[in-house]
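Notes follow the structure.
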Ligand SMILES: [Mg+2]
Ligand SMILES: [Zn+2]
């Protein structure tokens, strides 16, 4: 990371901001952490709720293996200590979205201990320095339900569909020093979760949200009192919340006030953080081991399966793309930054496409087209198999690169009409196959040379840059269908004769 | 025709199976007794039609030549801590008044599957917190027993399963479910001269039982004799994947394994249970018990359970701590009572609802539990208590090197009068001094009648066994039962 | 350790149990009596003893990740003291 130290300019001088993040990531699973109800997003209110989730008298929790497995795999992906022996504790507090009156979580013995992730401020800049951000722990816990405040003048409505869905709480060390660093951390974390498949990383649907711990101090001085801004649900908001909260704290201290350790809420419309009074007296959570559950004791076979099922992770993949596939550092970085891109790319290679050709086409042609369509790679109208068909037509000389652009355009157009035509079919139908017929090409070259005596004279007089001009003219005359290699060869011969 | 309500589980089952009488006749007879005993206040809800329906089904099965279940034709009382689908389930608390579960507890479902029928929901101490059944929102249960002093002082039936003990002793049902957290099956059984067993923690599913203290709660049968307990426990027990603490083990055939022959068994007598100033009648009954077990062939050895005196204080930290959290769900949002004072916000609603809904003893225990778990006190109280609990379990482990079973009194006294101990919570808690250690260690323990005291009131002998050795406990209980010749009954006055 | 009235009020608030002044006064004595009694646990030497976690040796079983429950809205809402359509209603919470 380039050492551009982030400082807040105050009346009394410069201030440093110290940031730690607690990211809540929803574990990808079919059923909830302790009940058999669906963990799917959405649904009619209170339709994904079992009697366990509604905390009916006498209902008991039974843990979902997949949720434990995904948290362990996530821990392994950040090289963290996996605790074979862990335990569930109850965090006791009263709120309408918490039916049991406690959240089953882990305090004393979390499933995953100390780890770290490598964070690069600008993933796409190969020169950007990388820093290691410590992860203190990952524990597994229940999500709460949802309250709706706008349906009735004097009542809030409770929907328990989210109640009991499995979350991983990923707690960082207070290792970050700027909003940008925190943003890059969340981005990298999200990327790892998506690679592992333990969380879909969808911040809009709340699958990932961050509690942002912020304090300020004079550079290198004693740590200040921190505040916790809850449930920030986008990377941009994380960065903004840090900025405004740090600024608030600096102003407060410089005005002679003191920062209170409290829970706050970020309002992106007003660009401010506010104290959450409703949570104020909830500080004494009376954690104790959940007596409805036994300690979690994982065996070696379970851990081995978790490790064996881990995919290649972004850092390793990036190195391999550079070193083994011979891609540029930039291409390798961009292809691996998001799991979807890497998986799409590898799917393409699986269809026999050359890595360099494939990466260049994906990053320029496909990304360009998706950009215009306002679509993400997931929503690409062209599948890796269909793209491979197109790229192979270039590779085997059937069409030229410029004709390929045209073919791709037709593919997208027909896709938009709901019935995409394949590359080969388009080439066939439109007669776009390039010609390698030397006689025909030679005839055209002769015409071009005859029609441009001035340029010919200049070329022969030593202005060799004009070679490209003759190539262009020839290709144009042949409507792009001439084999560029053959054109080059024949032109050289004709020009030097 | 014999009075069918004089019969126990085994006799009813075989009578029905043999065609001596019908299950409907049995249910009808017990329904009549229930209806005639309202003054005892043993039932919160009576369900005569349920008892009849179950009996009809059994009679029909028998007529069709189908195989009958372990409890076929036996109508029972269900402690109102078990959720029963469509039948009010309250834990004897105002906060659950009117609550109609949409589900059936595993244990009660097992019993219905075995052919039992439900006479009604039995009164208990509120949320099973109490030793005299004086904390129920639905009023005290009155023991059918009276002292032989000619007076008619109302006596405690024990608690928390006081409705169960009274109903069996008064022949309102041949058997009933109980739950035992710190003696709540054994102590009430002792107070009314019946038998009851708390199995090993994890034998009976806790799913659908209103929780008091999760690490201690265990369901078990209460009945007139040891065989009836064995039959009913077989029907109640079994692995339940819905309870994470359920034991994944087959249910032994305890009834078939019953034997009062204790040759080769060693019975330990814990010296720490011989408290200073132990009641003379209790001491005498205990000595009788020792003699009976010797007569049955057992060798009696002196043992030490050195941490006994700390069991009760440890219990009164652990149980309230768990309860304070388990009872947080009663908040007036999803079911049960809601008290919403004018202009109250959510948190005020909680406080008002819980103040109005919980009785004094429940509030007291929630407060104790909240305090011992609160910041700064957790280690001093809760962690220390869990360590002491581990030492108490270790005491038993050490004892098993010397003996197979332990014999002790169930309670330090016979039944006391209603109101005698309510002003001093501590004196009430002390009533469970002999029952709590086995609860803390999760061990099977049983109370069987051991005789009468000077006042003519029943006393109970307690047998504690190794984990999973319910058979050993039942067999020792049977050996005592065969020798004690306990036939005393409360004289009917209701 | 002994509790005073402020502490009793604080515990009552944490427990979400409304308590009157007289009740709080009474509770001070009751709680102190019980706490003084349980404090004898402090005299037990627990050096090297792990707090009990499972009373009977058993291990935590894990469930398969299959949807087997939920979609029982009527059962979930059947006992609601203030049902609002498909929701539970509570007094408005202001954030
Ligand atoms: Mg947090
Ligand atoms: Zn959390």
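Quick notes on this one:
- The lone exception for residue B:114 - which of (1) touching a residue at least 60 places away in the same chain (Cβ under 8 Å); (2) crowded, with 23+ Cβ neighbours inside 10 Å it fails: (2)
- For beta carbons closer than 7 Å, sequence separation of 6+ or different chains, a first residue in segment A:129-140 that is outside the structural domain of residue A:192 (by TED's automatic domain parsing) and within 16 Å of ligand 2 (Cβ to nearest atom) and a second that is assigned to a strand (DSSP E or B) and modelled with pLDDT of 95 or more, there are no qualifying pairs.
So that you can scan it fast, the table gives a plain yes or no per residue for (1) touching a strand residue (DSSP E or B) at 6+ places or on another chain (Cβ under 9 Å); (2) surrounded by fewer than 21 Cβ atoms within 10 Å (Cβ to Cβ):
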| residue | (1), (2) |
| --- | --- |
| B:377 | no, yes |
| B:385 | no, no |
| B:418 | yes, yes |
| B:430 | no, yes |
| B:442 | yes, no |
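- Only residues that are away from chain B (no Cβ under 13 Å), away from ligand 1 (no atom under 16 Å from the Cβ) and surrounded by 20 or more Cβ atoms within 10 Å (Cβ to Cβ) were counted in segment A:101-111, giving 1.
- Residues in segment B:322-362 that are outside any helix (DSSP H, G or I), without any contact (Cβ under 8 Å) to a residue 12 or more places away in the chain and either more than 7 Å from every other protein chain (Cβ to nearest Cβ) or crowded, with 22+ Cβ neighbours inside 10 Å (or both): B:333, B:334, B:341, B:342, B:343.
- Single unsatisfied condition, residue B:110 versus (1) more than 14 Å from chain C (Cβ to nearest Cβ); (2) over 16 Å from the mean Cα position of the chain (by Cα); (3) within 20 Å of residue B:222 (Cα to Cα); (4) outside any helix (DSSP H, G or I): (4)
- If you filter segment A:201-256 down to residues that are at positive phi and over 23 Å from the mean Cα position of the chain (by Cα), you find that the one that is farthest from ligand 2 (Cβ to nearest atom) is A:256.
- Residue that is surrounded by the most Cβ atoms within 10 Å (Cβ to Cβ) [pool: residues in segment C:64-95 that are in contact with a helix residue (DSSP H, G or I) (Cβ under 6 Å, 6 or more places away or on another chain) and over 30 Å from residue A:274 (Cβ atoms)]: C:65
- Close pairs (7 angstrom Cβ cut-off, 6 or more residues apart or separate chains): more than 24 Å from residue A:185 (Cα to Cα) in segment A:293-316, loosely packed, with under 15 Cβ neighbours inside 10 Å anywhere: A:294/C:59; A:295/A:85; A:297/A:84; A:297/A:85; A:297/C:59; A:298/A:84
- Residue within segment B:284-298 that is part of a loop (DSSP other than H, G, I, E, B) and surrounded by fewer than 17 Cβ atoms within 10 Å (Cβ to Cβ) present: yes
- Residue pairs whose Cβ atoms lie under 7 Å apart, separated by 6 or more positions or on different chains, with the first residue in segment A:146-174 and farther than 24 Å from residue A:50 by Cβ and the second part of a loop (DSSP other than H, G, I, E, B), are A:149/C:92; A:149/C:93; A:154/C:92; A:155/C:92.
- Candidates A:21, A:33, A:51 - the one that is assigned to a strand (DSSP E or B) and in contact with a helix residue (DSSP H, G or I) (Cβ under 9 Å, 6 or more places away or on another chain): A:21
- Residue within segment A:271-279 that is away from ligand 2 (no atom under 16 Å from the Cβ), under 30 Å from residue B:368 (Cβ atoms) and more than 28 Å from the chain's Cα centre (by Cα) present: yes
- Among the residues listed as C:28, C:49, C:55, C:44, the single one being without any contact (Cβ under 8 Å) to a residue 40 or more places away in the chain and more than 7 Å from chain B (Cβ to nearest Cβ): C:28
- Of the numbered criteria (1) at pLDDT below 95; (2) out of contact with any strand residue (DSSP E or B) (no Cβ under 6 Å at 6 or more places or on another chain), the one residue A:233 fails is (2).
- Flag for residue B:381 being away from chain A (no Cβ under 11 Å) and touching a residue at least 24 places away in the same chain (Cβ under 8 Å): no
- Selection status of residue A:22, away from chain B (no Cβ under 14 Å), farther than 27 Å from residue C:72 by Cα, within 16 Å of ligand 1 (Cβ to nearest atom) and in contact (Cβ under 8 Å) with a residue 12 or more places away in the chain: yes
- Taken over segment C:52-87, the residue count meeting the criterion of being at pLDDT 95 or above and over 23 Å from residue A:151 (Cβ atoms) is 10.
- Qualifying residues in segment A:25-42 (those that are more than 9 Å from chain C (Cβ to nearest Cβ) and surrounded by 16 or more Cβ atoms within 10 Å (Cβ to Cβ)) - the one nearest to ligand 1 (Cβ to nearest atom): A:25
Matching residues to (1) modelled with pLDDT under 95; (2) out of contact with any strand residue (DSSP E or B) (no Cβ under 7 Å at 6 or more places or on another chain):
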residue: A:243; (1), (2): no, yes
residue: A:247; (1), (2): no, no
residue: A:250; (1), (2): no, no
residue: A:291; (1), (2): no, yes
residue: A:325; (1), (2): no, yes
residue: A:330; (1), (2): yes, yes
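- Hey, residue A:150 surrounded by fewer than 18 Cβ atoms within 10 Å (Cβ to Cβ), away from chain B (no Cβ under 14 Å), away from ligand 1 (no atom under 16 Å from the Cβ) and within 30 Å of residue B:344 (Cβ to Cβ) or not: yes
- Whichever residue in segment A:62-87 is out of contact with any strand residue (DSSP E or B) (no Cβ under 6 Å at 6 or more places or on another chain) and assigned to a loop (DSSP other than H, G, I, E, B) and, among such residues, is farthest from ligand 1 (Cβ to nearest atom): A:84
- Every residue from segment A:206-225 that is outside any loop (DSSP other than H, G, I, E, B) and either away from ligand 1 (no atom under 13 Å from the Cβ) or within 14 Å of chain C (Cβ to nearest Cβ) (or both): A:208, A:214, A:215, A:216, A:217
- The combined condition, being outside any loop (DSSP other than H, G, I, E, B), within 16 Å of ligand 2 (Cβ to nearest atom) and in contact with a helix residue (DSSP H, G or I) (Cβ under 6 Å, 6 or more places away or on another chain), is fulfilled by residue A:90.
- Test for residue A:57: is it buried (at least 24 other Cβ atoms within 10 Å of the Cβ), more than 25 Å from residue A:198 (Cα to Cα) and away from ligand 2 (no atom under 16 Å from the Cβ): yes
The values are calculated or read from the model by the stated rules, or taken from the named source; none is laboratory data. Predicted model, so just to flag it, every value in this text is computed and none were measured. Note: ideal-geometry Cβ built from the backbone for every residue, glycine included; neighbour counts use all protein chains shown.
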